[in-house]
Every structure is written in C-alpha cells, then in structure tokens.
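Report on the following structure.
The values are calculated or read from the model by the stated rules, or taken from the named source; none is laboratory data. Please read all numbers here as calculations on a predicted model, not as lab measurements. For neighbour counting, all protein chains shown are included, and Cβ atoms are generated from backbone atoms with ideal geometry for every residue, glycine included. Just the protein is used for accessible areas: all its heavy atoms, side chains included, with ligands, DNA and RNA removed. Shrake-Rupley method; radii C 1.70, N 1.55, O 1.52, S 1.80 Å.
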Amino acid sequence: MKHLKDDSRFADFVADRADALLRYGYVLSGNPHDAADLTQEALIRLHRAWDRVRRKQDPERYTRVIMARLHISAWRLRRREYLAWDPPEGAHLDALPSDLEEGLWQALYDLPRKQRAVLVLRYYEQLSDAEISGVLRISRGTVRSHASLGLSKLRTTIAGRTAANGSAR
C-alpha cells in the first residue's frame, strides 16, 4: 500500500511541475527537443530515488540539479555537434516573444553550453556561486569566469543588435 501512495505522490508531482521543468530544460538547452529529453531523463532518475528525495529534499530542486548535470554531460559528449530543428506546423499557444526577448534568447542560445548553464543557474534559478559549483561540479572560480565571459558576450551581442536595428531604421 505504501508503494501505491508514493507512486501517487510522484504522479501528482509530475502533473504539477512537468511544465515548469520543461521550461527550465528549454532555458538550459535552447531547444525543445533537448528540453524534453532532459525533463524525461531527470524524471526517470527522480522516480528511482523518489522515496529518499521526498523525505529528505525538495524534489523539484533535486530534479533541476539532475537536469543541469545531464545538460553538461551531453555537452561534453557532443561538444562540436550543432543540432537544429524546424518548428512544427500548427498553432502556438504561448505568446510569441518580442523582438528584444527573441534576440536575448538567441544570444543566450549562442553562448557556449557551460556559460549558458552558469547564467541560467545564476539568474533563472538564483543559485549562489557555491551552489552552481556543486551542481556543475566545477570550481567557484570557473563559475565566476563562465558568468563573466557569458555576460560580456551577451552584452556585446545585444548592443550590436540594438545598434544594427537602430541604424537600419
């Protein structure tokens, strides 16, 4: 009976948080296919550890840590591979991003994976450098370096796009 109750709690967690986790996967990976893969694999791993995680930790935080680590592991495996996708035909239910937001998402996507992961963990997840260091298994100095380089690239890219759009008018 306890097993069924735990499965019910896990199912409730997935029903409540799957969309948020999928959005987090998208922010990490930059595309919906990798986001879905990250979310699915993280939920599989969470299910295996559900009893322990539910009692001792915040399940969503645990899942997000898994997703960040999976993202970095995938990056290491296919460091030079560039995946592209064509948007599916059909209706889009979410509001489309503004030109400024679209430019920011593209600039974020264009960053190297580790820089993007550090910025997502710092500004989207609001983790400290020490927490990011633990999640990504890199030193605090490397976290700060990736954050600094990533922010510098974002600023340069956004400034360049803004100047180009201003001169095109």
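Step by step: first the residues of segment 15-31, then only those that are open to solvent by 50 Å² or more (accessible area, probe 1.4 Å) and of a type in the set (A, V, I, L, M, F, W, C), then the one that is nearest to the chain's Cα centre (by Cα). Which residue is that? Ranking the candidates gives Leu22 first.
Only a single item in (1) modelled with pLDDT of 90 or more; (2) open to solvent by less than 10 Å² (accessible area, probe 1.4 Å) is not met by His71, and it is number (1).
The set of residues from segment 143-165 being aliphatic (A, V, I, L, M) and over 14 Å from Tyr123 (Cβ atoms) comprises Leu149, Ile158, Ala159, Ala163, Ala164.
The set of residues in segment 12-31 that are aliphatic (A, V, I, L, M) and either outside any helix (DSSP H, G or I) or in contact with a Ser or Thr (Cβ under 8 Å, 6 or more places away or on another chain) (or both) comprises Ala18, Leu21, Leu22. Assigned to a helix (DSSP H, G or I), surrounded by fewer than 14 Cβ atoms within 10 Å (Cβ to Cβ), of a type in the set (Lys, Arg) and modelled with pLDDT under 90 - does that describe any residue in segment 32-51? No, every residue in segment 32-51 fails to be assigned to a helix (DSSP H, G or I), surrounded by fewer than 14 Cβ atoms within 10 Å (Cβ to Cβ), of a type in the set (Lys, Arg) and modelled with pLDDT under 90.
Does segment 143-169 hold any residues that are surrounded by fewer than 17 Cβ atoms within 10 Å (Cβ to Cβ), among the polar types (S, T, N, Q) and either at pLDDT below 90 or touching a Leu at 6+ places or on another chain (Cβ under 8 Å) (or both), and which are they? Residues satisfying the conditions are Thr156, Thr162, Asn165, Ser167. For segment 119-142, a residue qualifies if it is open to solvent by less than 60 Å² (accessible area, probe 1.4 Å) and among the charged types (D, E, K, R), and the qualifying residues are Arg122, Glu125, Asp129. Scanning segment 74-94 for residues that are modelled with pLDDT under 55 and either aliphatic (A, V, I, L, M) or closer than 17 Å to Asp12 by Cα (or both) gives Leu77, Leu83, Ala84, Ala91, Leu93. Scanning segment 117-133 for residues that are in contact (Cβ under 8 Å) with a residue 24 or more places away in the chain and part of a helix (DSSP H, G or I) turns up Ala117, Val118, Leu119, Val120, Leu121, Arg122, Tyr124.
Can you pull out the residues in segment 95-118 that are at pLDDT 90 or above and buried (at least 17 other Cβ atoms within 10 Å of the Cβ)? Residues satisfying the conditions are Leu111, Lys114, Gln115, Arg116, Ala117, Val118.
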